[in-house]
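A short write-up of the structure that comes next.
The values are calculated or read from the model by the stated rules, or taken from the named source; none is laboratory data. Keep in mind that what you see is a predicted model, and the values were worked out from it rather than measured. We place every Cβ from the backbone using ideal geometry, glycine too, and count neighbours over all the protein chains shown. The area values use the complete protein model at the heavy-atom level, side chains included, leaving out ligands, DNA and RNA. Shrake-Rupley method; radii C 1.70, N 1.55, O 1.52, S 1.80 Å.
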Amino acid sequence: MMAVASCKEGKGGLDNGKYVRYTPEQVEALERFYHECPKPSSIRRQQLIRDCPILSNIEPKQIKVWFQNRRCREKQRKEASRLQAVNRKLTAMNKLLMEENDRLQKQVSQLVYENGCFRQQTLNTALPTTDTSCESVVTSGQHHLATQRPPRDASPAGLMSIAEETLTEFLSKATGTAVEWVQMPGMKPGPDSIGIIAISHGCPGVAARACSLVGLEPTRVAEILKDKPSWFRDCRSVDVINVLPTTNGGTIELLYMQLYAPTTLAPARDFWLLRYTSILDDGSLVVCERSLSNTQGGPSMPLVQPFSRAEMLPSGYLIRPCDGGGSIIHIVDHMDLEPWSVPEVLRPLYESSTVLAQKTTLAALRHLRQITHEVTNSNNTGWGRQPVALRALSQRLSRGFNEALNGFTDEGWSLMGNDGIDDVTILVNSTPNKMLGVNLAFANGFPSVNTSVMCAKASMLLQNVPPAMLTRFLREHRSEWADCNIDAYSAAVVQSIPCTLPGSRIGSFGGQVVLPLAHTVEHEEFLEVLKLENISHFQDSIVSRDLFLLQLCSGVDENAVGTCSELIFAPIDASFADESPLLPSGFRIIPIDIGADASSPNRTLDLASALEIGSTGNRLSGDCSGSSGNMRSVMTIAFQFAFENHLQESVTSMARQYVRSIISSVQRLALALSPSHLSSYAGLYPPSGSPEALTLARWICRSYRGHLSEELLKPSNESGESILKTLWHHSDAIMCCSLKMLPVFTFANQAGLDMLETTLVALQDITLEKIFDDNGKKTLCNEFPQILQQGFTCLQGGVCLSSMGRPVSYERAVAWKVSNEEDIAHCICFMFVNWSFM
């Protein structure tokens, strides 16, 4: 039977005004080849005709049209599927917003009624009254949550009574008005948002609530969220002590949960909990939990050292099936973290609902989205790993860092004495096999039974530096703080090669290559492999060896409020086997002051808005310096070293000195990154001897006008401040490099910094040749003399590299010579038009 193909159906094309007919066998052959190569070249199409005799009567032009139509139909199918998914999401989001609107209307009505009662009570204060109806209404809001109830025993009936009360109170928070919720700063609901996020206002403890749509079935969602250690990285363990089935088909569980301490300055937390899982009459699945205490009755749990017992108020998950698949989920997290038990400087962390929302509530939603993405996209990613395997690596890095930071005795850690200065704490684990599950190799490359792991850790207070910016700098410029000899020693342990303690050689970094593995956009989390070329000098010989580090970087979104920034890494073998041991080390920076001022670190990079022009020159505006002075954060550093036991004393000295040197480097970098140093040459300004930013902006624009006979910027106010601001916010990447044998960058606008993935501080470490590939270097070498003689040149579109090694495409580029008032060449300026990451 013959088939008639039309352009509309995508099975053929027009040839001399007639439809082309294909047999089912021909269509099958074309479809089979299409799945192998959707866009074949002319040579491949001719080869296809030769290899498939049944296509011999088809013209190559007709084959080309068939593939065009087939690709068009595939594109339409994908677009239709995408629009259907967006429509389902918008429908579910609309339902959530309508429910939220109903809840807010109820809350407004309750507040209006309570206000009337207060007013009536005020009018009647002079008169004796026994009417307590208004008082009952006034105290029926948040205060009924803390109502004292008679103690109950640990019998099934007593536990069921506590469970039912927990369920009622949880639902009153999730969908009712028991807690006054306000929108979390920086989280706006919409079709592309992660959900509707709110934090508590004026209730005991800290609380956060989220409503979202996830693409998983309710039972699967409940299963994932119950496994807290898999997604809540602060959670060390959840032990199920007892399980009781209920008459309504639900379950009651008694749980003991431990949380890691985020810093060395505070104790870890633990919880004694009751968790109740049940199904409501409308088919919704509920998982709610609360702490068991003397107030509620029930079984008790003795205190465990060194943990500080915290309280979880009724919290949990309300999961409803969604039309068209997926689930609508309501999350409530409500805790009393006992802030009195930590130093005063850290108490804002334990009193902030925003921090709770970022660490717990949003972490749950992000994990659910990640699981959904893995289900729908199961292709291999970095180094042939499945997404689930990369997620497991991230969890291993985070967990290993937390274990070393906390140093629990049940994992084999013991505290060592200090050297008279208690700035660095040293812990030793003599049974690392228990912690790592594998043996480490030393000396001759064979596993050794006499090995241990040492952790050197410290915490420091940082003033006036955005955590996200500092973390990015530490990630991008490892050579500014790391010791390549110690990196080589750590890598030798996991690579099973002979190694000695650092100090017997002199080394340096020959280069750094970033091999990305995974990137979670919503959380700005990067999992990558660093390939470091370590150059070591042994007497008269030079040895070059590649070192590999598995690195996790998170919390680098400067707009996220209350987000912890982390840079955690561990040496790995080049084979990158799944069972390889990991000894994670790194940095954790936690913002302390959670507020509007502290949540706006972008001002640090905005030269134009941060400068105030006056008769005395450029200086910081009062607003910038005033707000940034309140920006405080705590940095915690933890580094692990494996060693043979007989070298413990030497390794202890080395580790202590190394961490102290890192602290010194971080303090220097924090000072340079501080907004208060914007106007100093040691900070974010161009290097010593160069003109101020306003003058340089004038030179750039005037030179461009003189060489190309057109304006670089749109006509505007000719004041220096306006020119600098317009140049800084220009959509194209504009950057200047020095006129030296090895040109280095000295200035870039915001687009330029984004393209190079760097900061103004680190910009001066980037050479011009570093951002071009081989073809770009050849073109630049040929054009550079023309720039100096003619004054400018135009480069065709191409590809360059960011400081992180990411390819960047640009439509075209212009380079021109920038001269000062005496017409003396000062620098070369480049402008990359319509650039984008590939």
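Table: residues versus (1) open to solvent by less than 10 Å² (accessible area, probe 1.4 Å); (2) modelled with pLDDT under 90; (3) in a strand (DSSP E or B).
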position: Asp282; (1), (2), (3): no, yes, no
position: Cys288; (1), (2), (3): yes, no, yes
position: Thr295; (1), (2), (3): no, yes, no
position: Gln305; (1), (2), (3): no, no, no
position: Ile319; (1), (2), (3): yes, no, yes
position: Ile331; (1), (2), (3): yes, no, yes
position: His334; (1), (2), (3): yes, no, yes
Among (1) surrounded by 13 or more Cβ atoms within 10 Å (Cβ to Cβ); (2) touching a residue at least 24 places away in the same chain (Cβ under 8 Å), there is one condition Leu780 misses while meeting the rest; what is its number?
(2)
Please determine, by comparing only the residues of region 248-268 that are open to solvent by less than 10 Å² (accessible area, probe 1.4 Å) and assigned to a strand (DSSP E or B), which one is nearest to Thr166 (Cα to Cα).
Ile252
Going through (1) open to solvent by 10 Å² or more (accessible area, probe 1.4 Å); (2) modelled with pLDDT of 85 or more; (3) hydrophobic (A, V, I, L, M, F, W, C); (4) within 25 Å of the chain's Cα centre (by Cα) one by one, Val799 fails only at (4)
Which pairs turn up if I take residues in region 731-744 that are under 13 Å from Gln764 (Cα atoms) and look for partners that are open to solvent by 70 Å² or more (accessible area, probe 1.4 Å) with beta carbon separation below 8 Å, at least 6 apart in sequence or on another chain?
Leu742/Glu769; Pro743/Glu769; Val744/Asp765
Residue count, region 177-201, condition part of a loop (DSSP other than H, G, I, E, B) and either at pLDDT below 85 or polar (S, T, N, Q) (or both), comes to 12
Taking the residues in region 802-812 that are out of contact with any Cys (no Cβ under 9 Å at 6 or more places or on another chain) and either open to solvent by 20 Å² or more (accessible area, probe 1.4 Å) or in a strand (DSSP E or B) (or both) as candidates, determine which candidate is nearest to Tyr704 (Cα to Cα).
Glu811
Kindly provide the set of residues from region 679-714 that are of a type outside the set (A, V, I, L, M, F, W, C) and either modelled with pLDDT under 65 or over 26 Å from Gln790 (Cα atoms) (or both), ordered by number.
Ser679, Ser680, Tyr681, Gly683, Tyr685, Pro686, Pro687, Ser688, Gly689, Ser690, Pro691, Glu692
Would you be able to tell me the number of residues in region 30-50 that are over 14 Å from Gln62 (Cβ atoms) and among the hydrophobic types (A, V, I, L, M, F, W, C)?
3
Matching entry among Gln764, Gln789 (being of a type outside the set (Gly, Ala, Ser), farther than 24 Å from Leu694 by Cβ and open to solvent by 50 Å² or more (accessible area, probe 1.4 Å)):
Gln789
Just to be sure I understand the filter: pairs with C-beta atoms under 7 Å, separated by 6 or more residues or on different chains, first member in region 22-41 and of a type in the set (Phe, Trp, Tyr), second member not in a loop (DSSP other than H, G, I, E, B). Which pairs pass?
Tyr22/Ala3; Phe33/Leu48; Tyr34/Phe67; Tyr34/Arg70
Of all residues in region 545-591, which are open to solvent by 20 Å² or more (accessible area, probe 1.4 Å), without any contact (Cβ under 8 Å) to a residue 40 or more places away in the chain and either in a strand (DSSP E or B) or of a type in the set (Asp, Glu) (or both)?
Asp546
Please determine whether any residue of region 205-215 is open to solvent by 20 Å² or more (accessible area, probe 1.4 Å) and farther than 30 Å from Ala154 by Cα.
yes
Return a yes/no flag: does region 813-834 have any residue that is within 30 Å of Leu671 (Cα to Cα), in a helix (DSSP H, G or I) and modelled with pLDDT of 85 or more.
no
Taking Glu100 as the residue in question, decide whether it is closer than 30 Å to Ser327 by Cα, modelled with pLDDT of 85 or more, within 47 Å of the chain's Cα centre (by Cα) and surrounded by 13 or more Cβ atoms within 10 Å (Cβ to Cβ).
no
Within region 337-346, track down each residue that is closer than 19 Å to Phe271 by Cα and either without any contact (Cβ under 8 Å) to a residue 24 or more places away in the chain or open to solvent by 10 Å² or more (accessible area, probe 1.4 Å) (or both).
Leu337, Glu338, Pro339, Trp340, Ser341
Can Tyr276 be described as within 18 Å of Cys235 (Cα to Cα) and touching a residue at least 12 places away in the same chain (Cβ under 8 Å)?
no
Among (1) modelled with pLDDT under 85; (2) open to solvent by 50 Å² or more (accessible area, probe 1.4 Å); (3) touching a Leu at 6+ places or on another chain (Cβ under 7 Å), where does Gly382 come up short?
(2)
List the number of the failed condition for Phe747; all other conditions in (1) touching a Pro at 6+ places or on another chain (Cβ under 6 Å); (2) open to solvent by 30 Å² or more (accessible area, probe 1.4 Å); (3) under 17 Å from Leu712 (Cα atoms) hold.
(2)
Within region 211-267, of all residues that are more than 30 Å from Ile590 (Cβ to Cβ) and of a type in the set (Gly, Ala, Ser), the one nearest to the chain's Cα centre (by Cα) is Gly215
Anything in region 56-97 that is open to solvent by 100 Å² or more (accessible area, probe 1.4 Å) and either of a type in the set (Val, Ile, Thr) or within 23 Å of Leu213 (Cβ to Cβ) (or both)? List them, or say none.
Lys78, Arg82, Gln84, Arg88
